[in-house]
1. Got at least one residue in region 244-254 being at positive phi and among the basic types (Lys, Arg)?
2. For region 152-174, give me each residue that is within 28 Å of ALA103 (Cβ to Cβ) and either among the hydroxyl-bearing types (Ser, Thr, Tyr) or touching a Phe, Trp or Tyr at 6+ places or on another chain (Cβ under 8 Å) (or both).
3. If you check LYS342 against the conditions, is it at pLDDT below 95, more than 21 Å from the chain's Cα centre (by Cα) and open to solvent by 60 Å² or more (accessible area, probe 1.4 Å)?
4. Any idea which of ALA329, ALA241, ALA308, ALA273 is surrounded by fewer than 16 Cβ atoms within 10 Å (Cβ to Cβ) and among the aliphatic types (A, V, I, L, M)?
5. Scanning region 1-33 for residues that are modelled with pLDDT under 95 and out of contact with any Asp or Glu (no Cβ under 6 Å at 6 or more places or on another chain), which turns out surrounded by the fewest Cβ atoms within 10 Å (Cβ to Cβ)?
6. Does region 271-288 contain at least one residue that is of a type outside the set (D, E, K, R), farther than 24 Å from ALA103 by Cα and more than 16 Å from the ligand (Cβ to nearest atom)?
7. Please find, within region 244-259, the residue that is nearest to PRO153 (Cα to Cα) out of those that are within 13 Å of the ligand (Cβ to nearest atom) and buried (at least 24 other Cβ atoms within 10 Å of the Cβ).
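The values are calculated or read from the model by the stated rules, or taken from the named source; none is laboratory data. Quantities reported herein were computed from a predicted structural model and do not represent experimental measurements. Positions of Cβ are generated from backbone atoms using ideal geometry, with glycine treated the same way; all protein chains shown enter the neighbour counts. These area figures cover heavy atoms from the full protein model, side chains too; ligands, DNA and RNA do not enter into them. Shrake-Rupley method; radii C 1.70, N 1.55, O 1.52, S 1.80 Å.
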Amino acid sequence: MTNQAVYYQTVSWNNGKVRLIDQTFLPAKLVYIDCDTVESLWEAIRSLRVRGAPAIGIAAALGVAMTAVQSVTTEREAFHQEVLGAVEYLRTARPTAVNLFWATEKMKKKLQALAKEPIGEVRQKLLQEAQEILEEDRRTCRKIAEFGARLVPPGARIMTHCNAGGLATAEYGTALGIIFRAHELGKVKEVFVGETRPLLQGARLTSWELKQAGVAVTLVCDTMAGSVLKQKGIDFVVVGADRIAVNGDTANKIGTYNLAVLAQYHKIPFYVAAPWSTIDLSIADGTQIPIEERAPKEITLWGGKQWAPDGIGVWNPAFDVTPAELITAFVTEKGILRPPFK
Ligand code: MRU
């Protein structure tokens, strides 16, 4: 067997529509859906059919391009308002991953730069811009993987959380990209994956991706992380990120902070892998990162079955912020970095 990662078109342009892998069906079924309205794309982002910071940025950029391509108006001002409307609307789908704002801002800037060009031209150029955001993410993940793989010792035992793989990006992934590349180089012994309650991205998506690539994967409940770090000879922890402040404070899937505290206690390196576009240069520290809070039923119900009594309080933050001092280094496409970021 070759140690080769498996590629999926997580997000793509399909003849005027935005094609997505509907991740809510995984791992049971690999289902593709086509979003042909900006509303259906918004819903797909909000309900995590497409998820992961870079992937939602790419999907939103393609959604803005779709609005431009579908527009039937011949009046320049109306066309611009329609496209800007899609930008603003898609930004309301989820608050934490800065890539959604970064990618839609790129689309907005492109539109503004093309203000004087004929509408037909602008449509084509916006589509090219969105496709370039996708291609750029592909290249970025490869670079992150190359840099990160240098940190991996032979026979490595690694722990990760949530899903920062091909399903969360254009292809290959950030944290998982590093693992895939190290696996291609024959350096990975075993990867421990936290299931990532409440929506189980680790269990459903990361373990599925690693298994497809032939990586030895061991799934644990999030509550077992301390025991894994204490007993399983973990060389390092690597996770992705949704937004990184200038000082290095990092928002990522809820439970990342717990893992970072545990890693520090056990003197295990803790790496964050992310594209430079995940760094929000407008915020000084993690206190300014907006944290999405999701519906209580994501915790109290699963598969239609109720796990908890009615009438109790439920708090469901989707992300937490790991203080920079718990993070050993950041693996980006520009290299292995330490904050502050400029
Ligand atoms: O709620 P999700 O599944 O979108 O959360 C995803 C994560 O937290 C990922 O770790 C992060 O977006 C990085 S993806 C390369």
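1. Restricting attention to region 244-254, the residues satisfying the condition of being at positive phi are 248.
Subsequent filtering for residues that are among the basic types (Lys, Arg) retains none.
Scanning region 244-254 turns up no residue that is at positive phi and among the basic types (Lys, Arg).
2. Pass one, region 152-174, residues within 28 Å of ALA103 (Cβ to Cβ): 160-174.
Within region 152-174, THR160, GLY165, GLY166, LEU167, THR169, GLU171, TYR172, GLY173, THR174 qualify.
3. On the way: at pLDDT below 95: yes; more than 21 Å from the chain's Cα centre (by Cα): yes; open to solvent by 60 Å² or more (accessible area, probe 1.4 Å): yes.
When the stated conditions are applied, LYS342 passes them.
4. Values: ALA329 fails: surrounded by fewer than 16 Cβ atoms within 10 Å (Cβ to Cβ); ALA241 fails: surrounded by fewer than 16 Cβ atoms within 10 Å (Cβ to Cβ); ALA273 fails: surrounded by fewer than 16 Cβ atoms within 10 Å (Cβ to Cβ).
None of the others qualify; the one that does is ALA308.
5. Kept after step one, since they are modelled with pLDDT under 95, are these residues of region 1-33: 1-9.
Narrowing further to those that are out of contact with any Asp or Glu (no Cβ under 6 Å at 6 or more places or on another chain): 1-2, 4-6, 8-9.
On the way: MET1: 4, THR2: 7, GLN4: 12, ALA5: 24, VAL6: 13, TYR8: 16, GLN9: 15.
Among residues in region 1-33 that are modelled with pLDDT under 95 and out of contact with any Asp or Glu (no Cβ under 6 Å at 6 or more places or on another chain), the one surrounded by the fewest Cβ atoms within 10 Å (Cβ to Cβ) is MET1.
6. Within region 271-288, the subset of a type outside the set (D, E, K, R) is 271-279, 281-284, 286-288.
With the extra rule that they be farther than 24 Å from ALA103 by Cα, the set shrinks to 271.
Retained after the next criterion (residues that are more than 16 Å from the ligand (Cβ to nearest atom)): none.
No, because not a single residue in region 271-288 is of a type outside the set (D, E, K, R), farther than 24 Å from ALA103 by Cα and more than 16 Å from the ligand (Cβ to nearest atom).
7. Going through region 244-259, the residues within 13 Å of the ligand (Cβ to nearest atom) turn out to be 244, 250-257, 259.
Then keep just the ones that are buried (at least 24 other Cβ atoms within 10 Å of the Cβ); that gives 244, 250-253, 256, 259.
On the way: ILE244: 26, THR250: 25, ALA251: 27, ASN252: 25, LYS253: 26, THR256: 23, LEU259: 21 Å.
Per the criteria, the residue is LEU259.
Yes/no per residue for (1) in the same structural domain as THR278 (by TED's automatic domain parsing); (2) more than 13 Å from the ligand (Cβ to nearest atom):
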position: ILE119; (1), (2): no, yes
position: ALA130; (1), (2): no, yes
position: ARG157; (1), (2): yes, yes
position: ALA164; (1), (2): yes, no
position: ALA170; (1), (2): yes, no
position: GLU184; (1), (2): yes, yes
